[in-house]
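Asks: First, the structure itself, so that you have it in front of you.
The values are calculated or read from the model by the stated rules, or taken from the named source; none is laboratory data. Source: prediction; values computed, not measured. Ideal geometry is used to build each Cβ from the backbone, glycine not excepted, and the neighbour counts take in all protein chains shown. With ligands, DNA and RNA removed, areas are computed over all heavy atoms of the protein, side chains included. Shrake-Rupley method; radii C 1.70, N 1.55, O 1.52, S 1.80 Å.
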Amino acid sequence: MTVRTTPSDWPRLARRALAAWLVLLFLVASLAAAQSDPLPSWNDGPAKAAILDFVAATTTPGSPDFVPPEARLATFDQDGTTWVEQPMYTPVLFCLARLKELAKEKPELAAAEPFKTILSGDRQAMEKLSDADYQQLSVATLTGITPEELTAAVRSWLAVARDVRWHRPYTELVYQPMLEVMRLLRAAGYKTYFVTGGPQDFVRVFSEPVYGIPPEQVVGAINAVTYGYAKDGRPRLTEEPRILGDTVGPGKPESIHIEIGRRPFAAFGNSTGDREMLEYTQAGDGKRLMMLVHHDDATREYAYGAQSKVGTFSEALMDEATSRGWIVISMRNDWKRIFAWEGQ
């Protein structure tokens, strides 16, 4: 069938063609913009601009702030900086679950303190426990086994454990904006490291598949290990109840020096336990980037700060960030979305 047109139809057809062409141009421009924006989950503002400016300034040859590729290093805290830490740190939740399993095999654990209180599930009573009590929990659940056995236990737990609020695996409670920052830095030649107060062997289990950070670039609380032999004569390491290094507060820069050997040019944290890492980073020569995630979005995540025992962001830390020119990231204002699945 042939459709005939007359000169009187041409203006109408031209308008349709122009409209279609404009729609196509809009779609192409939108796609190009999405592809050219390495931080699509960030709102435009000082925080996003600071990241982009830092990367451009330190990686552009000829820039007065140029950083040689071998010196490009960025460190990230993990709990509360790159994934959810409320209402309790994820490694602690793992230890609680493992304690319940161990108590079935060793009933004497359930009768002894602080394990009796911990197993009771009484949150108010648990809040009164000391750091030493929780250290006993760590010793009971993370030591006396091989690193391979610990890895298997963590993987099994992560496969079935679900967060109490969103009912999702903990590995899905990762902040999409921070993943984008990591990818941008790596694309620019930076090595990204975790420097976390969490157990090093715990974080190493998922750091690479979830964040793209290989196990050798995870610095965390580390137990001593002892070399020995299994019953079949094969060599083995055993996790011992002795902490070799503390990676909270001053322990972060100390561990960076001992385990990495280079001062970072960028550091990301979210609490008072990260302060010294940011101070140490800023004390180096050249352009530096220091950022703190502020949890101020109770609707999409959580809102907490000085009063929280988990991820404490004190007023003194906020004052220091202001005086030193550190960038405080507002989850509410700076992030278009928090999780990859947000809005699905």
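Asks: Could you tell me which residue of the stretch 272-291 is farthest from Q78 (Cα to Cα), considering only residues that are open to solvent by less than 20 Å² (accessible area, probe 1.4 Å) and out of contact with any Asp or Glu (no Cβ under 7 Å at 6 or more places or on another chain)?
Replies: Step one: of the stretch 272-291, the residues open to solvent by less than 20 Å² (accessible area, probe 1.4 Å) are 273-274, 277-278, 281, 284, 289-291.
From the residues that got through so far, the ones that are out of contact with any Asp or Glu (no Cβ under 7 Å at 6 or more places or on another chain) too are 273, 277-278, 281, 284, 289-291.
Details: G273: 11, M277: 13, L278: 14, T281: 17, G284: 23, L289: 17, M290: 15, M291: 13 Å.
Per the criteria, the residue is G284.
Asks: Moving to a separate point now. What number of residues within the stretch 301-339 are closer than 17 Å to N43 by Cβ and either among the basic types (K, R) or open to solvent by 50 Å² or more (accessible area, probe 1.4 Å) (or both)?
Replies: Looking only at the stretch 301-339, we keep the residues that are closer than 17 Å to N43 by Cβ, and these are 301, 327-339.
Pick out the ones that are also either among the basic types (K, R) or open to solvent by 50 Å² or more (accessible area, probe 1.4 Å) (or both) and you get 332-333, 336-337.
Number of matching residues: 4.
Asks: Looking at the stretch 93-118, which of the residues that are surrounded by fewer than 18 Cβ atoms within 10 Å (Cβ to Cβ) and of a type in the set (K, R) is nearest to the chain's Cα centre (by Cα)?
Replies: My answer is K100.
Asks: Let me ask something additional. I'm told F268 meets every condition in (1) at pLDDT 95 or above; (2) out of contact with any strand residue (DSSP E or B) (no Cβ under 7 Å at 6 or more places or on another chain); (3) hydrophobic (A, V, I, L, M, F, W, C); (4) not in a helix (DSSP H, G or I) except one. Can you identify the failing condition by its number?
Replies: So F268 meets the others, but not (2).
Asks: Output the residue which, of all residues in the stretch 65-117 that are out of contact with any strand residue (DSSP E or B) (no Cβ under 7 Å at 6 or more places or on another chain), more than 20 Å from Y302 (Cβ to Cβ) and β-branched (V, I, T), is modelled with the highest pLDDT.
Replies: Across the stretch 65-117, the extreme among qualifying residues is V67.
Asks: Also, quick follow-up: Do you know which of the residues in the stretch 119-145 that are assigned to a loop (DSSP other than H, G, I, E, B) and among the charged types (D, E, K, R) is least open to solvent (accessible area, probe 1.4 Å)? Before the answer, list the steps.
Replies: First, pick out the residues of the stretch 119-145 that are assigned to a loop (DSSP other than H, G, I, E, B): 121-122, 128-130, 143-145.
Restricting the remaining residues to those that are among the charged types (D, E, K, R) gives 122, 128.
Numbers: D122: 73, K128: 173 Å².
So the residue we want is D122.
Asks: In this structure, is T196 in a loop (DSSP other than H, G, I, E, B), buried (at least 19 other Cβ atoms within 10 Å of the Cβ) and not acidic (D, E)? Walk me through it before giving the result.
Replies: Details: in a loop (DSSP other than H, G, I, E, B): no; buried (at least 19 other Cβ atoms within 10 Å of the Cβ): yes; not acidic (D, E): yes.
So T196 fails the test.
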